[in-house]
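The values are calculated or read from the model by the stated rules, or taken from the named source; none is laboratory data. A quick note: this is a predicted structure, and the numbers were derived from the prediction, not measured. Cβ atoms come from the backbone with ideal geometry, glycine included; neighbour counts cover every protein chain shown. We work out accessible area using only protein heavy atoms, side chains counted, and drop any ligands, DNA or RNA first. Shrake-Rupley method; radii C 1.70, N 1.55, O 1.52, S 1.80 Å.
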Amino acid sequence: MSKVEAKRPGRAELVLFALLLCALVLRAWNALAQGIDHFDEGVYAFSAIGIADPSAPLQLFPGEFRFSPPVFFTLIGTAAKIFGLQTDAAAIALNVALGTLTVAALWWIGRAWFGRAAGLAAAALLGFNEYHVMLSRTGLTDVTFALFFLLAIFALIEALERRSLKLALLAGLAVGVAWNTKYHGWLALAMAGASLIPALWETLLGQGRDGLRLLGLWCVSAFVAAACYVPWALYVEGQPGGYRGLMEYQKTMLDGAWIDNLLRQGLHQLYFEGPFSRAGAVVAFLVAMLAARARYPLSRSLAATIGLVGVCALTVGIAGTACVLCALALPRLLGKERNLRTTVLVVWMLVWFILTPLYHPYARLVLPFTIAACLAGGAWIAWRVERLSTQTGPVHGASLTAVVALIVGAASLFILDPSHPWRAGQSQKLAATALQEKIPVGSRVIVLGEPSLAYYLHISGRPAFESITGRELGATLEAARETVFVVTGIYAARTKATQENAARFGDKLVLVQSVPFDPSDIRLLDDFAPRRALKFRAQPTLEYDLQLYRYTP
């Protein structure tokens, strides 16, 4: 073999390149034309301004500690400073990049844990998942956290399997980063610890001392992770209410309607199923076949497998198909394949399955489970295509799989798809531009319950952020000695703040303008149940319109 031939990429490398390119295009397509509109996005964009420009008057959004630890908005501010972007654009660009890297990381980890075919199948299940595509085009923490959480789990298991102190230290740092991105990043430690229970049990029975060594390495990682988190914990303790106040705030998000929330989260996933998602479920099988050096002759078993996957994709989408594949993988993950990596994967899925419905059913909360499901689903696909393979015969099986993927993608075009990850997302920014025409430069502006709108007014020279709630607005206006402009939206209307203050001040508080606002799907599903969101997409109402009021003392 010549040197040129030796350097030529193999089939698996070409498939991986094509997968990552597709993942990048799906996430990056016209991404910088997107904007932010979610409450939390506005918080992070504001806080990132202080990182990008240390001289800015507003260093952190007041109460930022309630929304997230520092890693995400620090990364946004740093990216904004390096690339000369506004922090809203930097947040979206960051998630596009890290969302694509998550697909690559899932391939790497799937290959390391279950083989080359499993890595590619897992990457395909996530890469074409329009739920992940949508989140990768927002300014929310979830995509960034999911990547760091995935890497933390991988690092912990690598440290334990290799019995390596150096890797345990590195794993602790990885958990620390995840923990400083979202408050439940410590769950990576808990899951890795749970995977040690079988080894510890064997040690207790006197069948070896390996369990104690593994526990020692876990403790090293836990100590390093805690040391990484302590500075932020001390910062929170110094804020009004301290850490206890933060915990009390988080308790308000707990929801005991577990079954209802589980069903709602399932409907959220169906909401995001489009042609790429549905076809991606079959593509995962195709890339696993292409990665192997075996052949796949057409057989009843193969036709039945691919046909059933196609039917699943058309009925429950890529998310539902991944869950079915997980269920099929469980006996083997807990049986002859059982080890630390399979145990932690099962624990990961189980913990997120139980805990997620205990929280307010925000659509974005399912993402860590989605990634674990892609990894387990990729493993089952690899095991299945291995059983279907042979070293001889024609390759009609792979051709059939490609045809089914095309059919599923085409048929999906005729299925109701309310979501659209590439829908224009600058409604809040356009609203801010329209409002500026009615707000004189230098006027005092108060925005209630819409931090992203306040952000766009702020960067346009209309400082609009004051930490004022609807309950405090009345006293604030009474104390004012100059004209004040007040902007309200759906959240202020729900708390009755708009109506109460309009009735309280009469002619002093005058409606100047109403501006239409079209929310993103992520925000829409946070505010409404899926059925109500579907109705809104079919027949938009005025509920989200923004109102500009002028208060004259």
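Summary of values
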| item | result |
| --- | --- |
| Residue within the range 176-183 that is more than 25 Å from residue 144 (Cβ to Cβ), out of contact with any strand residue (DSSP E or B) (no Cβ under 6 Å at 6 or more places or on another chain) and not in a helix (DSSP H, G or I) present | no |
| Number of the condition not met by residue 507 [criteria: (1) over 32 Å from the mean Cα position of the chain (by Cα); (2) at pLDDT below 95; (3) open to solvent by less than 10 Å² (accessible area, probe 1.4 Å)] | (3) |
| Per-region count, the range 510-535, residues within 15 Å of residue 489 (Cβ to Cβ) and part of a helix (DSSP H, G or I) | 4 |
| Matching residues, the range 238-257, being of a type in the set (A, V, I, L, M, F, W, C) and within 21 Å of the chain's Cα centre (by Cα) | 253, 254 |
| Candidates 156, 135 - the one that is open to solvent by less than 10 Å² (accessible area, probe 1.4 Å), under 12 Å from the mean Cα position of the chain (by Cα) and in contact (Cβ under 8 Å) with a residue 60 or more places away in the chain | 135 |
| Positions within the range 484-499 being at pLDDT below 90 and farther than 16 Å from residue 545 by Cβ, in sequence order | 495, 496 |
| Subset of the range 295-312 (residues that are open to solvent by 20 Å² or more (accessible area, probe 1.4 Å), touching a strand residue (DSSP E or B) at 6+ places or on another chain (Cβ under 8 Å) and part of a loop (DSSP other than H, G, I, E, B)) | 297 |
| Residue 115 being more than 20 Å from the chain's Cα centre (by Cα) and touching a residue at least 60 places away in the same chain (Cβ under 8 Å) | yes |
| Yes/no for residue 418 being of a type outside the set (Phe, Trp, Tyr) and within 18 Å of residue 518 (Cβ to Cβ) | yes |
| Candidates 56, 12, 23 - the one that is part of a helix (DSSP H, G or I), at pLDDT below 90 and either crowded, with 23+ Cβ neighbours inside 10 Å or in contact with a helix residue (DSSP H, G or I) (Cβ under 7 Å, 6 or more places away or on another chain) (or both) | 12 |
| Of the criteria (1) within 22 Å of the chain's Cα centre (by Cα); (2) open to solvent by less than 30 Å² (accessible area, probe 1.4 Å); (3) without any contact (Cβ under 8 Å) to a residue 40 or more places away in the chain, which one residue 354 fails | (2) |
| Entirely in the range 210-289, the helices (runs of 4 or more DSSP H) that have 1 or more residues that are within 17 Å of residue 529 (Cα to Cα) and open to solvent by less than 20 Å² (accessible area, probe 1.4 Å) | 258-271 |
| Residue, nearest to residue 27 (Cα to Cα), within the range 107-155, restricted to residues that are among the charged types (D, E, K, R) and in a helix (DSSP H, G or I) | 130 |
| Residue selected from the range 68-92 under the condition free of Cβ contacts under 8 Å to residues at least 40 places away in the same chain and of a type in the set (Phe, Trp, Tyr), by the criterion least open to solvent (accessible area, probe 1.4 Å) | 73 |
